[in-house]
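What follows is a short report on a single structure.
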């Protein structure tokens, strides 16, 4: 059974105006296309990597699937629920984290923040603290749990955000550049946590990343997105066969280079 189903998903935004032209924002037609007819399926317990250049549409896709944005046209189903009509049911079944947006309460400690978000997910304080204890060492939380969030470094805050996303053990986990600002050791430790979630709980993971070695290590499937369109969707071995490359990283680089060259010619 598929954990994520995306059918002909399109997202358009109105053009960005400045100065007095901002008055036109309300009535301006949506002409900036971030996604264009994207379709794919992800099976339960699989890991899908979204790869593409900056502005390709990866973050927009993740925000639609996590109910933070509404698609212009098309349909998306996550954990059996429609992201538009059954958004609340989707939110209860997903974990979402963006390496660029943390949203913690600055005067609360790391632990207090996690306890608060755990309560929103229906966890008791004991359940929350048991899971914090499980994640403390693998995610390198350490002293961060007893310090105010506003005093934490960006890397530590990112680790706290990852802990929040997996705290309630969601069946579907969505991550937007999860290892951004993490050092190599912390990145490797997080990849280990992710693998354990997939192995132990059968978690379905959808993550966007520019780190191709990370994609090669984690992904069961790769979705290459360029200019809002799905350029390729295949298993890593399939990408190798399509390009004749010696590694998944080289295959991805080859396909993205071809897409960029084709766009330049157009």
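The values are calculated or read from the model by the stated rules, or taken from the named source; none is laboratory data. The structure presented is a predicted model; accordingly, all values stated were derived computationally and were not measured. Every residue, glycine as well, gets a Cβ built from its backbone with ideal geometry; the counts of neighbours run over all protein chains shown.
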Subject >> Matching residues in the range 44-58 - criterion: being surrounded by fewer than 21 Cβ atoms within 10 Å (Cβ to Cβ) and closer than 16 Å to residue 229 by Cβ >> reply: 53, 54, 55
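Residue-wise test of (1) outside any loop (DSSP other than H, G, I, E, B); (2) touching a helix residue (DSSP H, G or I) at 6+ places or on another chain (Cβ under 9 Å); (3) closer than 17 Å to residue 233 by Cβ.
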position: 48; (1), (2), (3): yes, no, yes
position: 70; (1), (2), (3): no, yes, no
position: 88; (1), (2), (3): yes, no, no
position: 97; (1), (2), (3): yes, yes, no
Original post:
In this structure, does residue 123 turn out to be modelled with pLDDT under 95, touching a strand residue (DSSP E or B) at 6+ places or on another chain (Cβ under 9 Å) and either more than 21 Å from residue 193 (Cα to Cα) or outside any strand (DSSP E or B) (or both)?
Top reply: no
Original post:
Quick one: would you say residue 77 is in a strand (DSSP E or B), on the phi < 0 side of the Ramachandran plot, surrounded by fewer than 22 Cβ atoms within 10 Å (Cβ to Cβ) and assigned by TED's automatic domain parsing to the domain that holds residue 232?
Top reply: yes
Original post:
When you look at residue 106, is it at pLDDT below 95, part of a loop (DSSP other than H, G, I, E, B), assigned by TED's automatic domain parsing to the domain that holds residue 159 and closer than 20 Å to residue 166 by Cα, yes or no?
Top reply: no
Original post:
What is the one condition in (1) within 20 Å of residue 141 (Cβ to Cβ); (2) assigned to a helix (DSSP H, G or I); (3) under 14 Å from the mean Cα position of the chain (by Cα) that residue 173 does not satisfy?
Top reply: (2)
**OP:** Within the range 32-46, count every residue that is part of a loop (DSSP other than H, G, I, E, B) and touching a helix residue (DSSP H, G or I) at 6+ places or on another chain (Cβ under 9 Å).
**Re:** 2
